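Here is the structure we will look at, set down as structure tokens.
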Amino acid sequence: MLTVMIVVFLVGYTCIALEHPLKVNKAGVALLTGTVLWVLYTIAAPELIPIASEEEFKQFLELYPFIAALPYAEQCIRFVVEHQVLDSIGEIAETLIFLIGAMITVELIDAHGGFMFITNRIKTNQKRTLLAMIALITFFMSAVLDNLTTAIVMVMLIRKLLGNYKERWVFGSIIIIAANSGGAWSPIGDVTTIMLWVRGNISTASTIPHLILPSIVSALIPLLIMMRQLHGNVTPPNTFVANENDVLLKELKTKEKLSILIIGVLCLLFVPVFKTITHLPPFMGILTGVGILWVFTDIMYRYNTIEEDLKLRLSKVVRRIDGATLLFFLGILLAVDALRCSGILGNFSIWLDDTVGNVYAVNLIIGALSSIVDNVPLVAGAIGMYPVANEAMVAAASDPVYMSHFVQDGVFWQFLAYCAGVGGSMLIIGSAAGVVVMGLERINFIWYLKNITLLALIGYLAGAGVYVLQNVILGI
């Protein structure tokens with residue numbers, strides 16, 4: 001059954017990659033792939049659970065003794081349906097709700113002309129200069145926010161500056177690379193670094209100085225190569241096409257537009273602070289921000305003489321969210337979770353450790369895989385494989401030098417944060433930022449593979465080389 005599941009995933013993945021030639025929406029394929037994999041896993045659960053989830057299964061039966069009295073096959077089905085599926089949906093819902101909140105916030109700012117305060121100050125129309133500015137803003141913004149939110153904000157920004165969709169594809173691809181690289185050196189910049197940070201595998205004080213230079217290199221090299229290929233000026237948006245919000249934007253006061261921009265950005269910046277203070281998941285922070293914006297805009301419109309039909313209250317903005325992108329994300333994460341629960345990902349991680357046995361090589365492979373399979377379960381599998389080592393564990397190990405790589409802020413965990421974050425740039429569906437940009441700009445998978453993958457690979461390896469140089473040769 002494991003072989004069948006792998007084949008189903010590969011077929012689904014291939015259909016997603018060939019969306020345009022097949023003329024079948026990738027969201028539908030992703031949902032079908034995810035649900036079929038869960039059906040196959042449920043059928044094979046009696047065989048797979050003792051191998052992949054034995055301890056978890058025992059704890060489940062201890063917690064619900066009445067289920068332990070049922071036939072073994074029924075126990076397995078109840079375990080999958082009432083425990084694993086619910087856990088999977090819960091984790092996926094956190095990501096999707098966060099994505100919905102971020103999209104609403106960005107869309108609300110954009111609908112009220114908030115980004116005009118930024119775009120109006122970007123005077124250059126030279127492709128090279130503009131690309132460098134976009135990459136720089138994206139890189140540092142993603143370290144403060146996260147690469148997902150940053151990608152949404154920057155795509156909305158380039159839509160105001162570029163009229164040619166092929167030019168936006170180039171800029172959007174660099175946004176993906178810069179966002180993933182920028183998120184890798186910050187403990188709050190990417191889902192995987194957040195996981196490692198929360199679980200105590202890495203700390204802020206050590207991660208930033210060790211990973212910032214490799215991350216800069218991984219973004220800078222693709223940027224420089226792409227800049228050499230660009231010439232001339234960008235094609236501005238068609239000013240003769242009427243904006244559906246033009247009348248509203250003329251009626252709104254400058255201070256009202258600026259207020260929505262400032263409050264929206266502060267709400268996004270508040271998310272990591274909210275998580276640190278309350279210890280609640282990030283989606284709670286983004287929902288708090290949405291609530292603040294909703295109340296503010298309703299109060300603003302209450303004292304405004306604009307006709308009601310023109311007012312873009314948040315309830316109207318919600319309808320603009322790209323539902324297909326959300327469903328695609330849901331399907332992909334469902335598929336990956338089915339592979340994780342079945343033990344396929346865990347077995348592969350163990351095989352890597354036994355076969356390769358070098359922390360640098362293992363992480364490079366994990367980084368490459370993160371461009372194909374979501375990096376979250378890969379990092380989760382690595383965390384599950386290796387506990388954070390303490391001094392006693394290092395002293396008792398048969399190979400203390402190797403075990404020392406797994407202490408807090410050890411080479412394995414830091415390099416894992418870099419590889420899992422940056423490696424996802426090699427394919428457009430390899431990261432949350434890539435999936436969102438692909439959905440918003442309809443970037444062709446094959447086009448990205450032909451034009452961007454090699455650049456992302458060069459940057460990934462160059463940044464990895466810098467990290468290895470820091471540790472092995474310079475001893476930093």
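Numerical summary
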{"quantity": "Single residue of segment 399-428 satisfying the filter (among the hydroxyl-bearing types (Ser, Thr, Tyr) and within 25 Å of the chain's Cα centre (by Cα)) that is nearest to Ser370 (Cα to Cα)", "calculated": "Ser425"}
{"quantity": "Options Thr288, Thr276; residue that is in a helix (DSSP H, G or I) and modelled with pLDDT under 85", "calculated": "Thr276"}
{"quantity": "Considering residues of segment 74-119 that are under 21 Å from Arg319 (Cα atoms) and of a type in the set (Val, Ile, Thr) only, the residue farthest from the chain's Cα centre (by Cα)", "calculated": "Ile109"}
{"quantity": "Breaking point among (1) among the small types (Gly, Ala, Ser); (2) over 28 Å from Ala93 (Cβ atoms); (3) touching an Asp or Glu at 6+ places or on another chain (Cβ under 9 Å), for Ala392", "calculated": "(3)"}
{"quantity": "Tyr360, sole failed condition from (1) touching a Lys or Arg at 6+ places or on another chain (Cβ under 7 Å); (2) within 25 Å of Gly200 (Cα to Cα); (3) among the aromatic types (Phe, Trp, Tyr)", "calculated": "(1)"}
{"quantity": "Any hit, segment 213-233, residues being in a helix (DSSP H, G or I), modelled with pLDDT under 80 and either under 22 Å from Ala464 (Cβ atoms) or not polar (S, T, N, Q) (or both)", "calculated": "no"}
{"quantity": "Residue check, Thr204 surrounded by fewer than 24 Cβ atoms within 10 Å (Cβ to Cβ), modelled with pLDDT under 90 and hydroxyl-bearing (Ser, Thr, Tyr)", "calculated": "yes"}
{"quantity": "Every residue from segment 1-47 that is in contact (Cβ under 8 Å) with a residue 60 or more places away in the chain and β-branched (Val, Ile, Thr)", "calculated": "Ile6, Ile16, Val29, Thr33, Thr35"}
{"quantity": "Options Val81, Val106, Val155: the member that is farther than 18 Å from Pro222 by Cα, among the β-branched types (Val, Ile, Thr) and surrounded by fewer than 19 Cβ atoms within 10 Å (Cβ to Cβ)", "calculated": "Val81"}
{"quantity": "Candidate set: segment 127-139, residues that are at pLDDT 90 or above and touching a Gly at 6+ places or on another chain (Cβ under 7 Å); chosen: the one surrounded by the fewest Cβ atoms within 10 Å (Cβ to Cβ)", "calculated": "Phe139"}
{"quantity": "Condition met for Ile89 (of a type in the set (Val, Ile, Thr), in contact (Cβ under 8 Å) with a residue 12 or more places away in the chain, surrounded by 14 or more Cβ atoms within 10 Å (Cβ to Cβ) and part of a helix (DSSP H, G or I))", "calculated": "no"}
{"quantity": "Residues (of a type in the set (Gly, Ala, Ser) and not in a loop (DSSP other than H, G, I, E, B)) located in segment 354-372", "calculated": "Ala361, Gly367, Ala368"}
{"quantity": "Condition broken by Trp169, with the remaining ones in (1) out of contact with any Phe, Trp or Tyr (no Cβ under 7 Å at 6 or more places or on another chain); (2) under 19 Å from Trp447 (Cβ atoms); (3) in contact (Cβ under 8 Å) with a residue 24 or more places away in the chain satisfied", "calculated": "(1)"}
{"quantity": "Within segment 109-124, considering residues that are loosely packed, with under 15 Cβ neighbours inside 10 Å and of a type in the set (D, E, K, R), the one nearest to Phe296 (Cα to Cα)", "calculated": "Arg121"}
{"quantity": "Members of segment 417-476 found to be surrounded by fewer than 18 Cβ atoms within 10 Å (Cβ to Cβ), of a type in the set (Gly, Ala, Ser) and either outside any helix (DSSP H, G or I) or touching a His at 6+ places or on another chain (Cβ under 9 Å) (or both), listed by number", "calculated": "Gly475"}
{"quantity": "Residues of segment 252-264 satisfying the condition of being of a type outside the set (Lys, Arg) and either exposed (fewer than 15 other Cβ atoms within 10 Å of the Cβ) or at pLDDT 85 or above (or both)", "calculated": "Thr254, Leu258, Ser259, Ile260, Leu261, Ile262, Ile263, Gly264"}
{"quantity": "Checking Leu334 against (1) surrounded by fewer than 19 Cβ atoms within 10 Å (Cβ to Cβ); (2) in contact with a Gly (Cβ under 9 Å, 6 or more places away or on another chain); (3) assigned to a helix (DSSP H, G or I), the condition it does not meet", "calculated": "(1)"}
{"quantity": "Residue that is farthest from Pro214 (Cα to Cα), among those in segment 390-442 that are hydroxyl-bearing (Ser, Thr, Tyr) and in contact with a helix residue (DSSP H, G or I) (Cβ under 6 Å, 6 or more places away or on another chain)", "calculated": "Ser404"}
{"quantity": "Verdict on Ala17 being farther than 17 Å from Gly346 by Cβ, of a type outside the set (Asp, Glu), at pLDDT below 90 and more than 26 Å from the chain's Cα centre (by Cα)", "calculated": "no"}
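The rows are residues; the columns are (1) touching a residue at least 40 places away in the same chain (Cβ under 8 Å); (2) closer than 30 Å to Pro187 by Cβ.
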residue	(1), (2)
Phe115	yes, yes
Lys127	yes, no
Leu131	yes, yes
Ile134	yes, yes
Thr138	yes, yes
Ser142	yes, yes
Asn147	yes, yes
Ala151	yes, yes
Ile158	no, yes
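The values are calculated or read from the model by the stated rules, or taken from the named source; none is laboratory data. Because the structure is predicted, anything quoted here is derived from the model rather than measured. Don't worry about glycine lacking a Cβ; one is built from the backbone with ideal geometry, like all the others, and counts go over all protein chains shown.
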